[in-house]
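Below is one structure, written out as structure tokens; the observations come after it.
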Amino acid sequence: MEFAEPVRGGLGSVLVWGSDRTVAALCAFAVARSSPARLIWLDIRAPDGATDEYRPVLERLVPAESRYVTRRESEMGPQDASANSALSTVIRPDEPEEVVANLFEFLRLPRLVQEIAARFASPQEPLVLFCTSVDRIVHLYPEDTEATRRFHLTSQEQSVKIVSSFSGPERKDRFAFDHVFRIAPGPAQRWRSWSILSERENLPPASTGAMATPIESDGSILGVLRESGLLR
């Protein structure tokens with residue numbers, strides 16, 4: 001089985017979440033890597049600087065020039081002050097309302113996301129921004145589905161597809177993502193009996209996650225696990 005084409009291609013955002021940080025990260029990477037667009041990995045590191053189990057695995061699979069890591073939490077927070085300042089100092093008063101709104105939302109994006117989008121993404125060359133451990137910054141954002149959806153739409157307008165992994169308590173604004181996959185643990189250790197299931201009813205019946213799908217049954221995930229050495 002494979003993830004449906006709308007999950008792999010296009011600019012629709014994807015969230016993979018579950019209790020195991022490594023499983024969620026590697027399954028999300030399988031989605032991100034299956035896109036034809038260039039992949040940039042943005043890792044939100046632990047507050048204490050500890051190295052997550054998935055990090056050395058993904059470092060073997062993602063070239064150094066395609067990796068970013070947060071230095072401080074504020075890099076991933078909404079830039080409301082900068083956006084508000086731009087309204088009076090940068091944006092001309094005669095600008096059309098739609099242009100002002102789009103620019104304002106872009107300037108609200110986290111600084112790192114703005115930097116990556118400006119450097120790598122264009123309508124001719126879309127980008128997949130693969131973000132690991134986004135649960136570490138949810139306290140910076142309200143649990144507001146519409147606000148989170150605007151974040152994704154603004155990213156898409158910059159030709160950026162967001163693919164994220166999340167490990168933490170469920171949030172209602174996860175449904176701001178175009179595709180939401182939950183990792184369900186099984187009785188055996190990790191991969192052997194775990195499954196992945198879409199929480200949105202927008203997939204063809206034969207695609208991964210349309211029904212509870214064993215992780216090892218998805219070709220993209222299986223390839224990542226074999227390359228990582230976690231499954232032989």
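The values are calculated or read from the model by the stated rules, or taken from the named source; none is laboratory data. Predicted model only: the values in this text are computed from it and were never measured. Every residue, glycine among them, receives a Cβ derived from its backbone with ideal geometry; neighbour counts consider all protein chains shown. In case anyone asks, the SASA skips ligands and DNA or RNA and just uses the protein heavy atoms, side chains included. Shrake-Rupley method; radii C 1.70, N 1.55, O 1.52, S 1.80 Å.
For (1) modelled with pLDDT of 55 or more; (2) of a type in the set (Gly, Ala, Ser), each residue gets a yes or a no:
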{"residue": "69", "(1), (2)": "yes, no"}
{"residue": "86", "(1), (2)": "no, yes"}
{"residue": "89", "(1), (2)": "no, no"}
{"residue": "106", "(1), (2)": "yes, no"}
{"residue": "110", "(1), (2)": "yes, no"}
{"residue": "119", "(1), (2)": "yes, no"}
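Can you find a residue that is in contact with a helix residue (DSSP H, G or I) (Cβ under 9 Å, 6 or more places away or on another chain), over 21 Å from residue 11 (Cα atoms), surrounded by 14 or more Cβ atoms within 10 Å (Cβ to Cβ) and β-branched (Val, Ile, Thr) anywhere in the range 147-154?
Within the range 147-154 (the criterion being in contact with a helix residue (DSSP H, G or I) (Cβ under 9 Å, 6 or more places away or on another chain), over 21 Å from residue 11 (Cα atoms), surrounded by 14 or more Cβ atoms within 10 Å (Cβ to Cβ) and β-branched (Val, Ile, Thr)), the answer is no, since none of the residues qualifies.
So in the range 119-135, with the set limited to residues that are open to solvent by 40 Å² or more (accessible area, probe 1.4 Å) and touching a residue at least 12 places away in the same chain (Cβ under 8 Å), which one is nearest to residue 15 (Cα to Cα)? Don't jump to the end; show me each part of the working.
Filtering the range 119-135 for residues open to solvent by 40 Å² or more (accessible area, probe 1.4 Å) gives 119, 123-126.
When the remaining residues are screened for being touching a residue at least 12 places away in the same chain (Cβ under 8 Å), the result is 123, 125-126.
Values: 123: 23, 125: 22, 126: 19 Å.
Per the criteria, the residue is 126.
Mind counting the residues in the range 173-202 that are part of a loop (DSSP other than H, G, I, E, B), in contact (Cβ under 8 Å) with a residue 40 or more places away in the chain and touching a strand residue (DSSP E or B) at 6+ places or on another chain (Cβ under 8 Å)? Spell out how you get there, then give the answer.
Our first condition is that a residue be part of a loop (DSSP other than H, G, I, E, B); within the range 173-202, this holds for 177-178, 185-189, 193-194, 199-202.
So of that shortlist, the ones also in contact (Cβ under 8 Å) with a residue 40 or more places away in the chain come out as 177-178, 185, 194, 202.
If we keep only those that are touching a strand residue (DSSP E or B) at 6+ places or on another chain (Cβ under 8 Å) too, we end up with 177-178, 194, 202.
Total satisfying the criteria: 4.
Scanning the range 155-199 for residues that are loosely packed, with under 15 Cβ neighbours inside 10 Å and of a type in the set (D, E, K, R), which turns out nearest to residue 73 (Cα to Cα)?
170
Just to verify a result, which residue in the range 18-46, among those that are open to solvent by 20 Å² or more (accessible area, probe 1.4 Å) and either outside any loop (DSSP other than H, G, I, E, B) or among the aliphatic types (A, V, I, L, M) (or both), is farthest from residue 152 (Cα to Cα)?
Our first condition is that a residue be open to solvent by 20 Å² or more (accessible area, probe 1.4 Å); within the range 18-46, this holds for 19-21, 33-34, 36-39, 45.
Cutting the leftovers down to either outside any loop (DSSP other than H, G, I, E, B) or among the aliphatic types (A, V, I, L, M) (or both) gives us 21, 33, 37-39.
Numbers: 21: 22, 33: 19, 37: 17, 38: 18, 39: 17 Å.
Checked the range 18-46; the qualifying residue farthest from residue 152 (Cα to Cα) is 21.
If I filter the range 47-75 down to residues being of a type in the set (A, V, I, L, M, F, W, C) and surrounded by 14 or more Cβ atoms within 10 Å (Cβ to Cβ), which single residue comes out as nearest to residue 116 (Cα to Cα)?
Taking the range 47-75 as the starting set, the residues that turn out to be of a type in the set (A, V, I, L, M, F, W, C) are 50, 57-58, 61-62, 64, 69.
Filter again for surrounded by 14 or more Cβ atoms within 10 Å (Cβ to Cβ), leaving 57-58, 61-62.
Details: 57: 23, 58: 19, 61: 19, 62: 16 Å.
Result: 62.
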